[in-house]
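Notes follow once the structure below has been shown.
Nothing in this text is a laboratory measurement; each read-out follows from the coordinates by a stated rule. Predicted model, so just to flag it, every value in this text is computed and none were measured. We place every Cβ from the backbone using ideal geometry, glycine too, and count neighbours over all the protein chains shown.
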């Protein structure tokens, strides 16, 4: 075991989740090993180095597909092409940001020259101002001009903060759910297979066309084996019986902070937690303890359209990350 690290050790060292590591393996970005006499995964120095490279490239906003290309191809021209593509996108964002900055400066100049005159009446009705604003496409702009790791980390932290515009406040209605939990290797895949089969066999899509599909770590890793569990729910009619190994439960529902991610972007959990912690309006509403993620959920969006497919987790599908909240 010398030089090898368990999945739990790697998650603590790099500040990533076990599910993110498994997703990186699933798409071919990372490789773990199985050691004789051990039932859990371990990572060698090369894998840890690859993970470090992946996380660095993610801070540079390089998409995972391009990272896979970079790590699998040592061709310098390929790397240049990938980086130039991202530079061109950044140049467009910088140009947009510069345009917005110049218009705001014009606003300031106009306000200073028209001190005491209503902004709503005069400035925003100014034809020249409106003509400049009209063609702008307002979008989230990620701008970095840093060339050191310290500056990069600082920029990444600043640019990664969620705003009130990013987070939705939703109410999840109470519901009866069919639940299944599995502890071991690839628990998300195992519970997904069981839940998907239940949905198909029970014709649940037609019995409950408004069904919801939730999941969460349960329990989280508690030792060095690297194993954890995953529990998945699907909402069912209140009077419906569920077959073993599923169990029937009641979901209380309530208010949640929601943030949509493409599958695999589980690092976004940290950003959503930070938004809740910094919110002036909401506090976290803890349900349970660390073993069930304090009531946090992952909702599979558009599940009903995927439920009839062989793979209900197709590439690019979307999840809502959900944190239970309450008003302060």
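Figures for the structure shown
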| item | result |
| --- | --- |
| For the stretch 229-281, fraction of C-alpha pairs farther apart than 11 Å, in % | 80 percent |
| Rg ratio (alpha-carbon, reference 2.2 N^0.38 Å) - the stretch 168-327 | 1.02 |
| Full-extension gain in nm, residue 200 to residue 72, via 0.36 nm per residue minus C-alpha separation | 42.2 nm |
| Relative contact order for the stretch 168-327, counting Cα pairs under 8 Å that sit 6 or more residues apart, in percent | 31 percent |
| Exposure proxy order (Cβ contacts within 10 Å, fewest to most) of 41, 112 | 112, 41 |
| Gap separating the Cα centres of the stretch 271-328 and the stretch 158-211, nearest whole Å | 9 Å |
